[in-house]
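Written out below as C-alpha cells is the structure these notes cover.
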Amino acid sequence: MATFLTYIWRPVTGGRHAFPVAARKAPAGQTVTAYCGATADAAELHDRTEDDWVREHTCMNCWYALAKQQP
C-alpha cells in the first residue's frame with residue numbers, strides 16, 4: 001500500500017512548523033495554518049534556505065500534534 005505525504009515542515013518566522021501538504025500550493029498572500037495553530041503567509045513556505053532551517057527551532061507543539069495522529 002502506498003503512503004503519501006500529508007504534511008511538510010517549513011522554517012517560517014518564529015519556528016520550523018508542520019503544515020498540511022496542500023499549504024505548499026497556496027498562493028502568496030494567502031494565510032496558511034500549521035498543526036499547532038501558528039499562521040504564516042504562504043509565501044514564507046517557498047524558497048527557504050538551508051540557513052533558514054538551521055536558525056529556526058522545531059515547533060514541539062506541531063511535533064506533538066503529528067505524533068498523536070500516528071497509529
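The values are calculated or read from the model by the stated rules, or taken from the named source; none is laboratory data. Small disclaimer: the values here were computed from a predicted structure and weren't measured. A quick note on method: Cβ atoms are made from the backbone with ideal geometry, for glycine too, and the neighbour counts reach across all protein chains shown. SASA here: full protein model, heavy atoms, side chains in, ligands and nucleic acids out. Shrake-Rupley method; radii C 1.70, N 1.55, O 1.52, S 1.80 Å.
Data overview
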item: Residues (within 23 Å of Gln69 (Cβ to Cβ), at pLDDT below 90 and not hydrophobic (A, V, I, L, M, F, W, C)) located in the stretch 1-17; result: Thr3, Thr6, Gly14
item: The stretch 55-71, residues that are part of a loop (DSSP other than H, G, I, E, B) and closer than 11 Å to Arg16 by Cα; result: Glu56, His57, Cys59
item: Test: Asp52 is among the acidic types (Asp, Glu) and part of a loop (DSSP other than H, G, I, E, B); result: no
item: Residue count, the stretch 18-49 (criterion: acidic (Asp, Glu) and either closer than 21 Å to Phe4 by Cα or modelled with pLDDT of 90 or more (or both)); result: 2
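Residue-by-condition table, conditions (1) free of Cβ contacts under 8 Å to residues at least 12 places away in the same chain; (2) open to solvent by 60 Å² or more (accessible area, probe 1.4 Å); (3) under 12 Å from the mean Cα position of the chain (by Cα):
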residue: Leu5; (1), (2), (3): no, yes, no
residue: Thr13; (1), (2), (3): no, yes, yes
residue: His17; (1), (2), (3): no, no, yes
residue: Arg24; (1), (2), (3): no, yes, yes
residue: Cys36; (1), (2), (3): no, no, yes
residue: Leu45; (1), (2), (3): no, no, yes
residue: Val54; (1), (2), (3): yes, yes, no
residue: Tyr64; (1), (2), (3): yes, yes, no
residue: Gln69; (1), (2), (3): yes, yes, no
